[in-house]
1. Considering each residue of the stretch 275-285, count those that are closer than 14 Å to residue 317 by Cα and either touching a Phe, Trp or Tyr at 6+ places or on another chain (Cβ under 9 Å) or in contact (Cβ under 8 Å) with a residue 40 or more places away in the chain (or both), and give that number.
2. What residue, of 141, 197, 148, 204, is over 22 Å from residue 103 (Cα atoms), hydrophobic (A, V, I, L, M, F, W, C) and in contact with a helix residue (DSSP H, G or I) (Cβ under 7 Å, 6 or more places away or on another chain)?
3. Within the group 397, 380, which residue is over 27 Å from the mean Cα position of the chain (by Cα) and not hydrophobic (A, V, I, L, M, F, W, C)?
4. Name the residues in the stretch 290-346 that are under 15 Å from residue 356 (Cα atoms), surrounded by fewer than 16 Cβ atoms within 10 Å (Cβ to Cβ), charged (D, E, K, R) and in contact (Cβ under 8 Å) with a residue 24 or more places away in the chain, would you?
5. If I filter the stretch 78-85 for residues that are in a helix (DSSP H, G or I), of a type in the set (A, V, I, L, M, F, W, C), touching a residue at least 60 places away in the same chain (Cβ under 8 Å) and on the phi < 0 side of the Ramachandran plot, do I get at least one hit?
6. Kindly indicate the residue of the stretch 453-479 that is surrounded by fewer than 13 Cβ atoms within 10 Å (Cβ to Cβ) and not charged (D, E, K, R) and also nearest to the chain's Cα centre (by Cα) among those meeting that condition.
7. Go through the stretch 216-246 and give me each residue that's assigned to a helix (DSSP H, G or I) and loosely packed, with under 15 Cβ neighbours inside 10 Å.
8. Hey, any hits in the stretch 228-239 for a residue that's more than 26 Å from residue 71 (Cα to Cα), within 22 Å of the chain's Cα centre (by Cα) and basic (Lys, Arg)?
Amino acid sequence: MSTGKKNTLLLMVVFTIMSLFAQAQTEKEFYNTATAKYELGQFEAAIRDYTKAIELKKGYTYAFYGRGLTYMSLGEYAKASADFEKVAELNPRFINVYYSRGRSKLSLGDYKGAIADFRNAIMSNGMNSYAYVGIANSLAALGDYKAALEQVNQSLETYQGDAHAFIVRGLIYDAMEDYEAALVDYNKAIEMNPRDARAYAQRAVTKVKMKNQEAANFDFNKAIDLNPAYAPIYINRAISKKWLKNYRGAIADYGKAIELEPQNAIFYNERGLAKAETKAYAAAIEDYNTAIELNSTFKDAYKNRAWSCYQLNAYEDAVANYSQVIHLDRENVNAYFYRGLAKLQQEDYQGTIDDMAKVIRLNPTYSEAYYTRALAKTKNRTLEESIVDYDKAIELNPQLAEAIRARAAVKFDLYDFKGAIQDYNQLIKQEPGDAAAYYNRATAKAKGGNTKAACKDFSKAKDMGYEPAIAALKELCGE
């Protein structure tokens, strides 16, 4: 080989080594500059640098984790969760990722997923008091306040210096309607950190519920003075306005929170709920659409969109949305139930029967499910089978007047006039002013051959202003 060729080859080798070295330096450099920008609050710039680091090193665990934390700071929880997922995939022993992923799932409304991650964090570090608080938050969101209280108490036993734990316990007491205990915890949080806007905002909500509006206004104003760009303050004020049925005021505050955190799917969902309270279902659907665009696995947004579609008689869309909830949660009793109701409106009676069977499998004491399945069977003209379901619904809830009324009508169709009369007797006993029950009992008595008693009931129904009784009296009783 000639000297020239040797020199060329040597230069190529050196250049390759230097390029690899430069690349290794560059990915680290991007990571370091990204972290510095994150700490300075320059989140968008930090994300750009973390992304460049990842482009240079596809399995850069720390860069994925840092970018996830940055997305969290921007309220882009779905993107944060995806990055934390990648970290866990690359390095399952990366202890901090489970707590962080739990936080992102909590913010996305995936409460069961959040609990699983927080528990993994505790398994790695039993002294992680913040993970106990995360579990408490998630359980409270699921409505299990007793278990939530146990978890936050465990957190405080582990570490009493966490003001946020007192705020969360205050939230739980508030949900349990123990407002005095809630105030004690909020006061403690404020004593520990007098500049914590969250504590003032939460205390304000409880004061509204205690009908101390002046004190609540003071706390909301104090929170805004401390941190006017903190979206949860406006969320809390919106919650208070909803509680007072000031839905338009609540919508305005949700709007302010959305201005501050436009990527927060939960805020759009909550504003949608407030709009639905004003029967602005189409506008509510627009907010649910945005929530789902931001978080495609947001069960509550699908569920709420389904209900608004139902209210607009868009039953096909309602069924599709409830089906999406079921896809995300195979044991969601309410999704099966309300999908069944929508199918009933579509005259898909077998579909209703199938959905109510799933509800009953998951919750055998759900009286409304037996009643709704009975209605579908009635429509399908399987009348004897419907009676069985009406019986069970009434056994579980003897005050379920509509089930008693429907069973009476089926008994009438089956020529069981005595049984129908017994059901109408029960209705009248529950509601003596039920004119329709008197009229229908009269009809059953007439069919059973007791004209005198029928005329007496028709007359009673007429006196109560039930117009169909007038014609019946003329035809049957000569009045």
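Throughout, read-outs are computed from the coordinates displayed, never taken from laboratory work. Predicted, not measured: the structure shown is a model, and the values here were computed from it. Positions of Cβ are backbone-derived with ideal geometry, glycine not excepted, and every protein chain shown enters the neighbour counts.
1. If we filter the stretch 275-285 for residues that are closer than 14 Å to residue 317 by Cα, which is where we start, we get 281-282, 285.
This time we only want the ones that are either touching a Phe, Trp or Tyr at 6+ places or on another chain (Cβ under 9 Å) or in contact (Cβ under 8 Å) with a residue 40 or more places away in the chain (or both), so: 281.
Summing the residues that are closer than 14 Å to residue 317 by Cα and either touching a Phe, Trp or Tyr at 6+ places or on another chain (Cβ under 9 Å) or in contact (Cβ under 8 Å) with a residue 40 or more places away in the chain (or both) in the stretch 275-285 gives 1.
2. Values: 141 fails: over 22 Å from residue 103 (Cα atoms); 197 fails: over 22 Å from residue 103 (Cα atoms); 148 fails: over 22 Å from residue 103 (Cα atoms).
Just a single option satisfies the conditions, and that option is 204.
3. Answer to the check: 380.
4. Residue satisfying the conditions is 331 alone.
5. Yes, the stretch 78-85 has at least one match.
6. 465
7. Across the stretch 216-246, the qualifying residues are 221, 225, 243.
8. Looking through the stretch 228-239, none of the residues is more than 26 Å from residue 71 (Cα to Cα), within 22 Å of the chain's Cα centre (by Cα) and basic (Lys, Arg).
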